[in-house]
Amino acid sequence: MNVKRIIKRGMNEILRYMPIKKYVNTPVLYGELLKGRTALITGGSSGIGYEIARVFLRNGANVIITGRNQKKLDDISSELKKEFNDSKVIGIQLDNCNVSEMNSVFDALITNISSPIDIFVNNAGVLNKTSFGGATESDWDLVMNSDLKGPYFLTQIVAKYMIDRKIEGNILNVSSSSAVRPGLNSYHFAKNSMMNFTKGLAKELIGYGIVVNGIAPGPTATSMISNDDNINRPTSPAKRYTTPEEIANLATILVSSISRMVVGDTLFATGGCGNITFDD
Ligand SMILES: NC(=O)c1ccc[n+]([C@@H]2O[C@H](COP(=O)([O-])OP(=O)(O)OC[C@H]3O[C@@H](n4cnc5c(N)ncnc54)[C@H](OP(=O)(O)O)[C@@H]3O)[C@@H](O)[C@H]2O)c1
């Protein structure tokens, strides 16, 4: 690393811990946009998926969240049930990497719910730990299986379920600002493919009344990339991280009837990262 880069990085660290200039008033949707609907959200046990579950609940939906750890899902489900004072939350263990188990887990799930799933959010994912030059096969496989292969096969199951039951629902794929960055690692490739999948799937399913879109968060304050509550990010055009609530609010609008004519789009919510700058 050259001296200029070291100084720049040091300055950014200092700036990050300066007080936030503007008060961030995150608008929180509260209403009936999703009244009577049932959403399956993968990776709902933390970060963006958890906030999507909360805002969906706040807007009248039932939610089913998935993850790899049943204990974590049980704890989060109880938290959500307490907050929303009812029992419209189910947490089921479903690992995106276990494609061979998806059919049986999904079949068991649908026999246990009282209203049909009409929203599916492909949110679960992991970030790459290695990149070009030092990439490892196991890291490549983990990212590709969690962020692309798993979502693809699970979507195949959910889409068939919706088509068979004539459910005119919504599918929302969570991509990333990394989707449009010059591709160097598994995460870039997986998220770029998710955007392309969003288009293909939208074309395939719109004839059945199923609306498919994507959302591409930029650097978002979750445990995936940040270990504290400080949302300063001096290198972003907007100078801060996106919050999970901001992504969840937009996700709610995208799966609601407001957006039924938005088809095959991926909405960038990045504070400018990725879509107007590449090296932030
Ligand atoms: N944070 C960001 O800056 C950012 C930016 C752009 C896009 N995104 C995307 O947003 C999505 C959510 O990320 P996040 O920031 O909320 O991360 P997070 O806080 O780490 O949450 C990830 C969620 O996915 C679950 N998960 C991970 N691997 C899984 C697998 N194989 N099968 C099922 N569930 C799995 C995790 O639960 P368990 O670990 O218990 O399984 C957790 O609930 C991801 O697709 C990510 O790529 C994030």
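In this structure, is residue 63 within 16 Å of the ligand (Cβ to nearest atom), within 30 Å of residue 89 (Cα to Cα) and either at pLDDT 80 or above or hydrophobic (A, V, I, L, M, F, W, C) (or both)?
yes
Show the residue pairs that are 6+ apart or on different chains and have beta-carbon atoms under 8 Å apart, the first residue being within the stretch 226-242 and of a type in the set (Asp, Glu), the second being within 11 Å of the ligand (Cβ to nearest atom) and part of a loop (DSSP other than H, G, I, E, B).
Listed pairs, sorted by first residue: 229/221.
Identify all residues within the stretch 180-193 that are under 17 Å from the mean Cα position of the chain (by Cα) and surrounded by fewer than 24 Cβ atoms within 10 Å (Cβ to Cβ); write none if there are none.
If the condition is that a residue be under 17 Å from the mean Cα position of the chain (by Cα) and surrounded by fewer than 24 Cβ atoms within 10 Å (Cβ to Cβ), then 180, 188, 189, 192, 193 are the ones that fit.
Mind listing whichever residues of the stretch 109-148 are assigned to a helix (DSSP H, G or I), under 25 Å from residue 90 (Cβ atoms) and within 16 Å of the ligand (Cβ to nearest atom)?
109, 145, 146, 147
Scan the stretch 148-170 for residues that are farther than 14 Å from residue 211 by Cα and either in contact with a Leu (Cβ under 8 Å, 6 or more places away or on another chain) or hydrophobic (A, V, I, L, M, F, W, C) (or both) and jot them down.
Scanning the stretch 148-170 gives 148, 153, 154, 157.
Tally time: how many residues in the stretch 221-245 are modelled with pLDDT of 90 or more, under 19 Å from the mean Cα position of the chain (by Cα) and more than 24 Å from residue 29 (Cβ to Cβ)?
Number of matching residues: 1.
Only residues that are polar (S, T, N, Q) and part of a strand (DSSP E or B): list them for the stretch 233-279, please.
Listed by number, the residues that qualify are 242, 266, 277.
Working only within the stretch 44-78, note down all residues that are of a type outside the set (S, T, N, Q) and part of a strand (DSSP E or B).
Of everything in the stretch 44-78, those that are of a type outside the set (S, T, N, Q) and part of a strand (DSSP E or B) turn out to be 63, 64, 65, 67.
Among the residues of the stretch 225-235, which ones are within 11 Å of the ligand (Cβ to nearest atom) and surrounded by 14 or more Cβ atoms within 10 Å (Cβ to Cβ)?
Scanning the stretch 225-235 gives 226, 233.
Which numbered condition trips up residue 199, out of (1) surrounded by fewer than 20 Cβ atoms within 10 Å (Cβ to Cβ); (2) within 11 Å of the ligand (Cβ to nearest atom)?
For residue 199, the exception is condition (2).
Select from the stretch 146-158 the residues that are open to solvent by 10 Å² or more (accessible area, probe 1.4 Å), among the aliphatic types (A, V, I, L, M) and closer than 26 Å to residue 111 by Cβ and list them in ascending order.
If the condition is that a residue be open to solvent by 10 Å² or more (accessible area, probe 1.4 Å), among the aliphatic types (A, V, I, L, M) and closer than 26 Å to residue 111 by Cβ, then 157 is the only one that fits.
Restricted to the stretch 79-94, and to residues that are touching a helix residue (DSSP H, G or I) at 6+ places or on another chain (Cβ under 9 Å) and in a loop (DSSP other than H, G, I, E, B), which residue is most open to solvent (accessible area, probe 1.4 Å)?
Looking at residues that are touching a helix residue (DSSP H, G or I) at 6+ places or on another chain (Cβ under 9 Å) and in a loop (DSSP other than H, G, I, E, B), I get 87.
From (1) outside any strand (DSSP E or B); (2) among the polar types (S, T, N, Q); (3) under 16 Å from residue 213 (Cα atoms); (4) open to solvent by less than 20 Å² (accessible area, probe 1.4 Å), pick out the condition that doesn't hold for residue 173.
Among (1) outside any strand (DSSP E or B); (2) among the polar types (S, T, N, Q); (3) under 16 Å from residue 213 (Cα atoms); (4) open to solvent by less than 20 Å² (accessible area, probe 1.4 Å), the lone unmet condition for residue 173 is (1).
The values are calculated or read from the model by the stated rules, or taken from the named source; none is laboratory data. Not measured: the values here are computed from a predicted model. Backbone-built Cβ (ideal geometry, glycine too); neighbour counts: all protein chains shown. Remember, those area values only see protein heavy atoms, side chains included, never the ligands or the DNA or RNA. Shrake-Rupley method; radii C 1.70, N 1.55, O 1.52, S 1.80 Å.
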